[in-house]
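One structure is given below, encoded as structure tokens.
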Amino acid sequence: MTIADWLMIAAVFLGPVVAVRLTRYLDNQKEIRERKVNIFKTLMATRAYTVSWAHVEALNRIDLEFDKNNKKERDVIDAWKEYLDLLNNSTIPIDQWGVKRVDLLVELLHKMARVLNYDFDKTHIKNSSYSPRAHGETEDEQAALRRGLIEVLVGNRPLPMFITNFPQDESR
């Protein structure tokens, strides 16, 4: 047998193994990217609703999906840590906190966009989300209703009652 014959035999046996391994590797890389893209899309879609469950869940998945050993992805994790630090900081005046929160969220989303090869600049990220005024009003009303109901239930606020009609005594 010649070397060519041995190479042919090796190719016949190893070819399918290499093909399967390569396919699995590529599928794994695609799945990893899809999870990162899903986080990014969720955060972009909910950037005007930062207290939504989907937004909070996506933020909490950053540590799980982005690789701190990759330079660009480490920048995403660092931006998330800075944003998280602000979110947990109650010592900053609320008006300053709100402005800084938006800036840090925009920075985080911009770094994620760069990692995932999306072409969004910071101005676009900051100014191109839509949030109907009615949604904000509804959220404010629901919060007021919850606060009021809680005050009544814990006994801090009375429940006013008025009698509007007395029953008529029909025996007279």
*the range 37-135: radius of gyration and largest Cα-Cα distance (Dmax), Å*: 13.2, 44
*Can you list which of the trypsin sites (Lys or Arg not before Pro) found in the range 1-109 are DSSP loop residues with at most 15 other C-beta atoms within 10 Å?*
LYS68
_Which label in (i) 44; (ii) 64; (iii) 59 gives the computed percent of Cα pairs over 22 Å apart_ = (ii)
*How far apart, in nm, are the 7 Å Cα→Cβ label points at TYR25 and ASP67?*
1.2 nm
_Diffusion constant of the range 6-89 at 20 °C, which comes from Stokes-Einstein with the Kirkwood Cα-pair radius and 1.002 mPa s, µm²/s_ = 139 µm²/s
*Pairwise label distance in nanometres, ALA54 with ASN38, each label 7 Å out on the Cα-Cβ vector*: 1.3 nm
_Distance violations [Cα-Cα > 18 Å] among LYS72/LYS111; LYS68/LYS100; LYS41/LYS126_ = LYS68/LYS100
_Selected from HIS124, ILE77, ILE150, residue furthest toward positive end of dipole (the chain; charges at beta carbon)_ = ILE77
*Which of ILE94, PHE40, LEU14 sits farthest toward the positive end of the charge dipole of the chain, with +1 on the Cβ of Lys and Arg and -1 on the Cβ of Asp and Glu?*
LEU14
*Taking only Cα atoms, what is the 0 to 90° angle, nearest 10, from helix 94-115's long axis to the longest principal axis of the chain?*
20 degrees
*Only Cα pairs under 8 Å and at least 6 apart count here; give the relative contact order of the range 10-110 as a rounded whole percent.*
20 percent
*By how many degrees, between 0 and 90 and to the nearest 10, does the Cα long axis of helix 133-154 differ from the longest principal axis of the chain?*
60 degrees
*Output the relative contact order of the chain, whole-number percent, from Cα pairs under 8 angstrom with separation of 6+ residues.*
17 percent
*Taking Cα atoms, how many degrees apart are the long axis of helix 53-65 and the longest axis of the chain, rounded to 10 and kept between 0 and 90?*
30 degrees
*Of the chymotrypsin sites (Phe, Trp or Tyr not before Pro) in the range 42-144, those whose Cβ has at most 10 other Cβ within 10 Å and which sit in DSSP loop*: TYR130
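Each reported figure results from applying straightforward, stated rules to the coordinates on display, with no laboratory input. Since we're looking at a predicted model, the values are computed, not measured. For neighbour counting, all protein chains shown are included, and Cβ atoms are generated from backbone atoms with ideal geometry for every residue, glycine included.
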